[in-house]
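Down below is the structure, laid out as structure tokens.
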Amino acid sequence: MTRNELVAEGLSVTFPGGMQALRNVDIRVGAGEIVGLVGESGSGKSTLGRVIVGLQNSYSGALRFADEALTPRRTRPQRCAIQMVFQDPYASLDPRMTVWQLIHELMVVHRIGTGREDRRQRCEDLMRRVHLPGALLDSRPTSMSGGQRQRVAIARALAVNPRFLVADEPTAALDVSVQAGIINLFADLRQEMGLSQLFISHNLAVVRSLCDRVAVIYRGEIVEMAPTGAIFDAPQHDYTRQLLAAAPDLP
Amino acid sequence: MQQAIKADALQIEGLSVAAQIGEKSYKALDGVTLSVARGEARGLVGESGSGKSLTLRAVMGLLPANLTVTAGAIRFDGRDLLGDGGKLLHEVRGTGISMVFQEPAVALNPVMKVGRQIVDGVAWRRGLSGRQAKELAVELLAQVGIKDPARWVDAYPHQLSGGMRQRVMIASAIASKPDVILCDEPTTALDVTIQAQILALFKALKTDLGAGLLYVTHDLSVVAEFCDSLTVMYAGRTVEQSDDLGALIASPAHPYTRSLLAAVPRIRGPIRRLRGLSSSAPSLTERDQKPAPALVACGPGRQVAPFTAEDERFFARDEEV
């Protein structure tokens, strides 16, 4: 068993109005591991991602990252260490800024790099890392395809040297052929940088092709968690079986 | 023509559509050819921008103002929908051919009760009374699997879940018992579980109504669930099609189809690295302006677009940018 990178224990979130989004959730992601989180709309999977990344600060329960407790008041290194990639690359990038401006701004805020030239160099490295041509640094996301935009969003998340990525349905808005390239990129980031990931999706086939373990969430509770092979070959919970039966597949 | 073996309800032949951008004209569709028989479900797959949705819009006469049909024929029961100054199309649209859109939240009128939206057209055509129309709406809602339809008939679209809204849209598409239903990615916005229910509904409708379905999606695994036949489009052209979907998926003839299949993640079988096509299809302005070569037969009920060794290398290339 690998060293624990992220550990959540007894996480609960209740929204104003009494809606319980998470109920006593335990989840662990090892160093260099990709864990899939699957469930239907409203199951709480995005809420769990937002708690982990620090965007949802009213919760109860304990969060630990790299053997340190994470509190709602995170230190700058803690905030950099856990980054997020959102579902819709059309909505998550400011259309008025070039890719260089989008990433440079972040590096300045988080005091990454020693000057403009060094940051430019880092940006070019990031573009290579996400398999985009360096020339795109000076274009705006609006002139790019959905797949290219999602690569920019990933480059931006990587700019602050994170150790952990929460990806919330990062391919749901993309074509199947573009999706394949993005899935491969997440696999490569783990391979090349040892980046641990929580990969949130309602698409079981995508999760199967990428993740080491899978957690199934239903109505705010993790109902099953197991290695990917076991989830698909021998699902234990009824809800997991229902999800599998509903998933379309090629003959 | 004596060779018509099955009676195709919808035939699209050599359909070309030009897009006028400024002074120049570009080929948005180039020689698209396919047919749908009653009781047949044909999948129409391709990437964004391949022209699959545009093909449906051309059939419905819903092309944007800067797009025009430049060549080809669209026939409904053998009659040309493009001729006749659009009179036949007007007669057939909504009765013989209907359409289900991707986003029911956008396609439905937010200030009209769902029951009335479903039967508005039919009630007017058949001269139904208010009470008869409502009874028909309840019946249709039941047919698309909405429980307690009498309660929902007076609801507004915002009161319904995404899956129910899509059922309402399907109800309005089948209200006139059409021969052909055009479906434009109707489950893309839905969850897996709801998607499975809607696909099961389409399957049932195909049998119960005997309608032909032309089902557009970018997801091959969705059409593999319930379609009989398959047409693959790339950059405004038909690249391959088969009357037998299983045969095409088992042995794709065109290199583009092969790479599209290799991009699909699987629920069963060995896990392998997916084929990512990160540089996508040529955009409208970069497309080959020569006319598309005619499809050639490559097996019973199968056709493929001719391709060169260079095409083969192009589609087989590994992901790069």
> Residues with beta-carbon under 11 Å from that of residue A:49, excluding residue A:49: net charge, scoring Lys, Arg +1 and Asp, Glu -1?
Replying inline: 0
>> Can you give me the angle between helix B:162-174 and the longest principal axis of chain B, using Cα atoms only, in degrees from 0 to 90, rounded to the nearest 10?
In response: 80 degrees
> the stretch A:215-229 to the stretch A:1-67: how many Å between their Cα centroids?
Replying inline: 12 Å
> If one computes P(r) from the Cα atoms of chain A, what percent of pairs lie at distances over 34 Å?
Replying inline: 16 percent
> How much length, in nm to one decimal, is gained on full extension between residue B:65 and residue B:197, taken as 0.36 nm per residue of separation minus their Cα-Cα distance?
Replying inline: 43.9 nm
> Non-local amide H neighbours of residue A:166 (under 5 Å, H modeled in plane, Pro and chain starts lacking H): which ones?
Replying inline: A:83, A:84, A:85, A:198
> Which whole number gives the average count of other chain Cβ atoms within 10 Å of the Cβ atoms across peptide B:64-72?
Replying inline: 0
>> Residues of the stretch A:174-208 with backbone nitrogen within less than 18 Å of a virtual label 7 Å along the Cα-to-Cβ line of residue A:68, please, listed as ranges.
In response: A:196
> Across peptide A:166-179, what mean number of C-beta atoms from other chains lies inside 10 Å of a residue's C-beta?
Replying inline: 5
> Dipole size in debye (nearest 20) for the protein assembly as shown around its Cα centre, Lys and Arg Cβ +1, Asp and Glu Cβ -1?
Replying inline: 980 debye
> Direction-averaged shadow area of the convex hull around the Cα atoms of the stretch B:198-321, nm²?
Replying inline: 9.5 nm²
> Once label points are set 7 Å from the Cα along Cα→Cβ at both residue B:285 and residue B:268, what is their separation, rounded to one decimal in nm?
Replying inline: 4.7 nm
>> Can you compute 3J(HN,Hα) from phi for each residue in the stretch B:125-141, using the Karplus curve 6.51 cos²θ - 1.76 cosθ + 1.60 with θ = phi - 60°, rounded to whole Hz and x for Gly and Pro?
In response: 5, 8, x, 6, 6, x, 5, 4, 4, 5, 4, 5, 4, 4, 4, 5, 4
> For the stretch A:1-137, max minus min Cα coordinate along each principal axis, in Å, sorted largest first?
Replying inline: 48, 32, 28
> Amide H to amide H, which residues 5 or more places from residue A:25 or on other chains are under 5 Å from it, using H placed in the peptide plane?
Replying inline: A:10, A:11, A:12
> Once you have the alpha carbon radius of gyration of the protein assembly as shown, what is it after dividing by 2.2 N^0.38 Å, with N set to its residue count?
Replying inline: 1.03
>> Using amide H atoms built in the peptide plane, which far-off residues or other-chain residues are under 5 Å from residue B:239 H to H?
In response: B:232, B:233, B:234
> Ranking A:98, B:231 by Cβ neighbours within 10 Å, fewest first, what do you get?
Replying inline: A:98, B:231
>> Calculate the FRET efficiency for residue B:156 and residue A:23 from the Cβ-Cβ distance with a Förster distance of 41 Å, rounded to the nearest 0.05.
In response: 0.80
>> Distance between the C-alpha centers of the stretch A:145-204 and the stretch A:93-144? Whole Å please.
In response: 17 Å
>> Need the C-alpha centroid separation for the stretch B:217-284 versus the stretch B:18-47, integer Å.
In response: 17 Å
>> Just want the answer: with Cβ charges of +1 for Lys and Arg and -1 for Asp and Glu, which residue in A:230, A:107, A:78 is farthest toward the dipole's positive end in chain A?
In response: A:107
>> Less than 14 Å Cβ to Cβ from residue B:138, Lys/Arg counted +1 and Asp/Glu -1: what total charge do the surrounding residues give?
In response: +3
> What does the average come to when, for each residue of peptide B:44-52, you count the partner chain Cβ atoms lying within 10 Å of its Cβ?
Replying inline: 2
> What share of the DSSP beta bridges in the stretch A:50-204 is antiparallel, in percent to the nearest 5?
Replying inline: 25 percent
> What is the packing order of peptides B:186-197, A:47-58, A:170-181, taking the mean over residues of other C-beta atoms within 10 Å and listing the highest first?
Replying inline: A:170-181, B:186-197, A:47-58
> Of the residues B:100, B:264, B:239, which exhibits the maximal mean-square fluctuation in a Gaussian network model of chain B defined by a 10 Å Cα contact cut-off?
Replying inline: B:264
> Taking +1 at the Cβ of each Lys and Arg and -1 at the Cβ of each Asp and Glu, which of B:242, B:230, B:267 sits farthest along the dipole of the stretch B:209-308 towards its positive end, judged by Cα position relative to the Cα centre?
Replying inline: B:267
> Could you give the dipole magnitude of the stretch B:61-104 about its Cα centre, charging the beta-carbon of Lys and Arg +1 and that of Asp and Glu -1, in debye to the nearest 20?
Replying inline: 60 debye
> So if R0 is 25 Å, what FRET efficiency would residue B:296 and residue B:7 give, r being the distance between their Cβ atoms, rounded to the nearest 0.05?
Replying inline: 0.50
>> I'd like the Karplus ³J(HN,Hα) series for the stretch B:255-266: coefficients 6.51, -1.76, 1.60, θ = phi - 60°, whole numbers in Hz, and an x wherever there's a Gly or Pro.
In response: x, 5, 4, 4, 6, 4, 5, 6, 8, 7, x, 10
>> In whole Å, what are the extents of the stretch B:1-111 along the principal axes defined by its C-alpha atoms, from largest to smallest?
In response: 44, 40, 31
>> How compact is the stretch B:109-175 by the rule of thumb for globular proteins, expressed as Cα Rg over 2.2 N^0.38 Å?
In response: 0.97
> Among the aspartates and glutamates, which have Cα under 13 Å from the Cα of residue B:147 when same-chain residues fewer than 8 positions away are ignored?
Replying inline: B:139
>> Which one, A:200, A:46, A:58, is farthest towards the positive end of the dipole of chain A when Lys and Arg carry +1 and Asp and Glu -1 on their Cβ?
In response: A:58
>> Using each residue's phi in the stretch A:115-122, evaluate 6.51 cos²θ - 1.76 cosθ + 1.60 at θ = phi - 60° and report the 3J(HN,Hα) Karplus result to the nearest Hz, with x for Gly and Pro.
In response: x, 4, 5, 4, 5, 4, 4, 4
> By how many degrees, between 0 and 90 and to the nearest 10, does the Cα long axis of helix A:146-158 differ from the longest principal axis of chain A?
Replying inline: 90 degrees
> Where nothing but the Cβ of Lys and Arg (+1) and of Asp and Glu (-1) is charged, how large is the charge dipole of the stretch A:4-246 around its Cα centre, in debye to the nearest 20?
Replying inline: 700 debye
> What share of the DSSP beta bridges in the stretch B:172-275 is antiparallel, in percent to the nearest 5?
Replying inline: 50 percent
> Of the peptides A:91-97, A:144-150, how do they stack up when ordered by the mean number of other Cβ atoms within 10 Å, highest first?
Replying inline: A:144-150, A:91-97
>> What distance in nm separates the two pseudo spin-label positions at residue A:234 and residue A:114, each 7 Å out from Cα along the beta-carbon direction?
In response: 5.6 nm
> Taking the alpha carbon gyration tensor of the stretch B:182-223, what are the square roots of 5 times its eigenvalues, largest first, to the nearest whole Å?
Replying inline: 17, 12, 8
> Binned at 10 Å from 0, what are the whole-percent values of the Cα-Cα distance distribution for chain B, short to long?
Replying inline: 6, 25, 33, 24, 10, 2, 0
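Only the coordinates and a few stated rules stand behind these numbers; no lab work does. Nothing here was measured: the structure is a model prediction, and the numbers come from that model. With ideal geometry, Cβ positions are generated from the backbone for all residues, glycine too; neighbour counts draw on all protein chains shown.
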